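Everything below concerns the one structure shown next.
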Amino acid sequence: MTSKTKRAGASGWDDIQVGDSVQLGSSGRTEYAGEVDARTADGDIIWVHNPIGGRRLFHIHDGYNLQPAAS
């Protein structure tokens, strides 16, 4: 995955892979963080698991910015 924040676009969230630690947010605020545990082949939908908050599905058109989680 690149270090750039990914927004919805024609290419989808193509760089996201299962096992990546990610943060999703909007307006400069992180709203959800965890590890990608599944994704669709086109990268438009990912499932993110957070041990504290469970598992959540995100679609590329939900309006979230996606970036690698801070180490």
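Computed from the coordinates by the stated procedures, all read-outs in this text should not be read as laboratory data. Keep in mind it's a predicted model, so treat the numbers as computed, not measured. Using ideal geometry, Cβ is built from the backbone for each residue, glycine included, and neighbour counts are taken over all protein chains shown.
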Virtual spin-label span in nm between Ala69 and Ser27, 7 Å along Cα→Cβ: 2.5 nm
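Where does each of 37-43, 25-31 land if you order them by average Cβ count within 10 Å, highest first?
Working: 37-43: 13.1, 25-31: 10.3.
The peptides rank, most packed first, as 37-43, 25-31.
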Amide H contacts of Asp20 (H built 1.01 Å from N, under 5 Å, at least 5 apart or other chain): Val36
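Can you tell me the FRET efficiency between Asp14 and Glu35 if r is taken as the Cβ-Cβ distance and R0 is 30 Å, rounded to the nearest 0.05? Working shown, then result.
On the way: r = 18 Å, r/R0 = 0.60.
Computed FRET efficiency for Asp14 and Glu35: 0.95.
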Segment 47-53 - phi-based ³J(HN,Hα) in whole Hz, Karplus 6.51/-1.76/1.60, Gly and Pro as x: 10, 10, 9, 10, x, 8, x
